[in-house]
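Beneath this line is the structure, given in structure tokens, with notes to follow.
The values are calculated or read from the model by the stated rules, or taken from the named source; none is laboratory data. Computed from a prediction, not measured in an experiment: that's the story for all the values here. Glycine also receives a Cβ, built like all others from the backbone with ideal geometry; neighbour counts cover every protein chain displayed.
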Amino acid sequence: MRNGGIEDVIRHNQRIKTQTIKNISQPTKPIIDKPRAKYGNQKVEVDGVKYDSKKEARRASELESEERLGLITDLERQKKYVLQPSFKFLGKTIREIAYVADFVYNEDGKLVVEDVKSPVTRANPVYKLKKKMMMYVHGIEIKET
């Protein structure tokens with residue numbers, strides 16, 4: 001694939017199909033095995049717990065250590081906050097709008113809602129809107145790490 005353009009991918013896939021049909025006993029393996037994650041993150045599992053990224057798994061480990069040391073309390077993962085409840089409109093149900101925090105905990109008697117974000121996901125318009133709605137609806141500012 002010279003330029004990595006869509007035409008090259010289509011030609012490559014057609015070549016694979018042709019080779020597979022001509023020689024059924026030895027099909028050619030496609031170059032791309034599985035699609036990339038939306039933001040290039042790699043999902044991981046640590047001690048049976050699934051995380052959306054390596055960065056989130058590292059942060060979870062740090063927070064668990066802080067909780068064991070007594071620096072933070074009441075650590076929760078994937079806590080959901082409803083920003084707008086579902087409702088009926090012209091006979092159709094409109095789904096709720098919710099924000100799911102990566103971590104929620106108490107630090108020095110104060111509630112902390114934390115989200116692990118890359119610079120790309122921080123700039124996501126949906127995330128920016130939900131961050132503002134968290135401030136307005138719940139009076140909570142999201143800590144980004």
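The table that follows gives values for the structure above.
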{"item": "Qualifying positions in region 43-79 - part of a loop (DSSP other than H, G, I, E, B) and closer than 22 Å to Pro119 by Cα", "result": "Lys43, Asp52, Ser53"}
{"item": "Every residue from region 83-104 that is of a type in the set (Val, Ile, Thr) and in contact (Cβ under 8 Å) with a residue 24 or more places away in the chain", "result": "Ile97, Val104"}
{"item": "Check on Tyr136, more than 20 Å from Lys43 (Cβ to Cβ), in contact (Cβ under 8 Å) with a residue 40 or more places away in the chain and among the hydroxyl-bearing types (Ser, Thr, Tyr)", "result": "no"}
{"item": "Criterion violated by Val82 - all others in (1) assigned to a loop (DSSP other than H, G, I, E, B); (2) in contact with an Asp or Glu (Cβ under 9 Å, 6 or more places away or on another chain) satisfied", "result": "(1)"}
{"item": "Verdict on Ile97 being assigned by TED's automatic domain parsing to the domain that holds Val49, surrounded by 12 or more Cβ atoms within 10 Å (Cβ to Cβ) and in contact with a helix residue (DSSP H, G or I) (Cβ under 6 Å, 6 or more places away or on another chain)", "result": "no"}
